[in-house]
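Please read the structure below before turning to the comments.
The values are calculated or read from the model by the stated rules, or taken from the named source; none is laboratory data. Because the structure is predicted, anything quoted here is derived from the model rather than measured. Note: ideal-geometry Cβ built from the backbone for every residue, glycine included; neighbour counts use all protein chains shown.
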Amino acid sequence: MTNSVQVTAASGGVAAILDALDPALSLVVAPERVDVVLGLVFARELGRPLPRAVVVTGSLPDDVIALWNSRVPDVPLVCTEAAIHEFEHEVLASAKRANRHVVLPEGTEPRVLKAAAHLLARGIVRLTLLGNAAEVAATASEFGLDVSAATVIDPETDALRRRFADEYAELRKAKGVTPEQAFERMADVSYFGTMMVADGLADGMVSGAVHTTAHTIRPAFEIIKTAPGVSVVSSVFFMCLPDKVLAFGDCAVNPNPTPEQLAQIAVTSARTAKQFGIEPRVALLSYSTGTSGSGPDVDRVVEGTKLAQALDPSLAIDGPMQLDAAIVPEVARTKAPNSAVAGRATVLIFPSLDAGNIAYKAVQRTAGALAIGPVLQGLNKPINDLSRGATVPDIINTVAITALQAV
């Protein structure tokens, strides 16, 4: 953190730290140094100067936080673990208020069932699980899970299979799909779940813990299709950092977007960010800021920026821009002093899937950020794809995001 002093286990005693305090600086405190936080409370009672803010790089006991808030209310105390998860908690709370219905095609997968049990116990969403009912019950029993509040449908035997097959055959007859082929395809949980969403029997679908991305989203391209005015389906990750939430796009779908696709990704990502309470200021990223560099890759971002600005003039969009110029005010003042986005960007659009995927994983793994996504955007109705390495919290968050996309 800029303009701050770090306090770690090796920083010495509380008295020495208090004696060296500079009120103009923030104090960044390791979570094991609760003694320093308590020492600052004591310093306030003695009338001694305090730092302008205290950031704890982890969590603190509730009673320590309560003591601070009652005795030192004018000095911000931020616990990064709590701050990182604040967006996540708000998403879950908002999803609960929305009361939407989500279908989970991978109903016999243990991680999916664990997430389902958590979501149902907290009343966050209504759920349909796809799969053989006996297998779903056996897996739930094996792990001690209660998913009794969910509806369980077996696509192979349910009467909806014939109805969905007839609708799908009609939809795809120009592509040569026969009624027999359609009926066979509706035994596939991804197709069956997508048809549930298309017919309004569910508000959204989440899959991919077992199946590939292509297997999850191909039915959506065929059945749900893109929203009006949207030319490309893309994705964002919400990157939850201690002091902000950033939207990263596109980190999961489009390998080498054209200028037209970059423009659509930028505008769609901005709208997604706004839907989730983030004021969109969009930076199209490159290795060059403004006219500082040249070449085909920069030219693609230059053109993409112009097209995005024309696509939605109401949005704050700028580029090409280097990452530091996009998010660091001091750098922005030098590299892009006249930009309304530089130094304040909240939506970062990467020039390729390579760059975006590497960036989100680097931030997630080295900065301790919570990554929520990928969130698919641009479809008529919400369908979201999980990583096959998705954890139970990942699934919970993606289901909640899906519910809110359906609002």
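Overview of values
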| item | result |
| --- | --- |
| Thr108 vs. criteria part of a loop (DSSP other than H, G, I, E, B), in contact with a Gly (Cβ under 7 Å, 6 or more places away or on another chain) and among the hydroxyl-bearing types (Ser, Thr, Tyr) | yes |
| Positions within segment 364-381 being surrounded by fewer than 18 Cβ atoms within 10 Å (Cβ to Cβ), touching a residue at least 24 places away in the same chain (Cβ under 8 Å) and under 17 Å from the mean Cα position of the chain (by Cα), in sequence order | Gln364, Ala367, Gly368 |
| Test: residue in segment 260-272 that is over 22 Å from the mean Cα position of the chain (by Cα), farther than 20 Å from Ile383 by Cβ and at pLDDT 95 or above | yes |
| Per-region count, segment 115-131, residues under 20 Å from the mean Cα position of the chain (by Cα) and either of a type in the set (Phe, Trp, Tyr) or surrounded by fewer than 24 Cβ atoms within 10 Å (Cβ to Cβ) (or both) | 1 |
| Any hit, segment 178-189, residues being of a type in the set (A, V, I, L, M, F, W, C), in a helix (DSSP H, G or I) and under 30 Å from Ile124 (Cα atoms) | yes |
| Test: residue in segment 382-401 that is within 21 Å of Ala83 (Cα to Cα), touching a residue at least 24 places away in the same chain (Cβ under 8 Å) and among the basic types (Lys, Arg) | no |
| Complete set of residues in segment 284-340 that are touching a helix residue (DSSP H, G or I) at 6+ places or on another chain (Cβ under 8 Å), in a loop (DSSP other than H, G, I, E, B) and in contact (Cβ under 8 Å) with a residue 24 or more places away in the chain | Ser286, Tyr287, Ser288, Thr289, Gly290, Ser292, Asp312, Leu315, Gln322, Ala336 |
| Odd one out for Ala326, checked against (1) over 23 Å from Ala83 (Cα atoms); (2) in contact with a strand residue (DSSP E or B) (Cβ under 6 Å, 6 or more places away or on another chain) | (1) |
| Looking only at segment 163-177, and only at residues there that are assigned to a helix (DSSP H, G or I) and aliphatic (A, V, I, L, M), the one that is surrounded by the fewest Cβ atoms within 10 Å (Cβ to Cβ) | Ala174 |
| From the options Pro257, Pro242, residue that is at pLDDT 95 or above, of a type outside the set (A, V, I, L, M, F, W, C) and outside any strand (DSSP E or B) | Pro257 |
| Candidates Ala247, Ala263, Ala273, filtered to the one that is closer than 21 Å to Arg344 by Cβ, outside the structural domain of Val55 (by TED's automatic domain parsing) and in a strand (DSSP E or B) | Ala247 |
| Only one of Ala138, Ala159 that is free of Cβ contacts under 8 Å to residues at least 40 places away in the same chain, within 27 Å of Phe221 (Cα to Cα) and loosely packed, with under 14 Cβ neighbours inside 10 Å | Ala159 |
| Residue pairs meeting the criteria (Cβ under 6 Å; at least 6 apart or on separate chains; first under 15 Å from Pro155 (Cα atoms) and modelled with pLDDT of 95 or more, in segment 165-181; second part of a helix (DSSP H, G or I) and of a type outside the set (A, V, I, L, M)) | Ala165/Phe183 |
| Residue in segment 51-71 that is outside the structural domain of Pro242 (by TED's automatic domain parsing), under 26 Å from Pro329 (Cβ atoms), without any contact (Cβ under 8 Å) to a residue 60 or more places away in the chain and loosely packed, with under 11 Cβ neighbours inside 10 Å present | no |
| So Glu109, is it surrounded by fewer than 17 Cβ atoms within 10 Å (Cβ to Cβ) and not assigned by TED's automatic domain parsing to the domain that holds Ser26 | no |
| Exclusive hit being farther than 27 Å from Ala367 by Cα and at pLDDT 95 or above, set Glu45, Glu109 | Glu109 |
| Yes/no for Pro351 being part of a loop (DSSP other than H, G, I, E, B) and under 17 Å from Ser234 (Cα atoms) | yes |
| Conditions (1) crowded, with 17+ Cβ neighbours inside 10 Å; (2) assigned to a helix (DSSP H, G or I); (3) free of Cβ contacts under 8 Å to residues at least 40 places away in the same chain: number failed by Ala95 | (3) |
| Single match in Ala24, Ala16 (criterion: in a helix (DSSP H, G or I) and either of a type outside the set (Asp, Glu) or surrounded by fewer than 18 Cβ atoms within 10 Å (Cβ to Cβ) (or both)) | Ala16 |
| Filter pass, Ala325 being closer than 17 Å to Arg271 by Cα, among the small types (Gly, Ala, Ser) and under 24 Å from the mean Cα position of the chain (by Cα) | no |
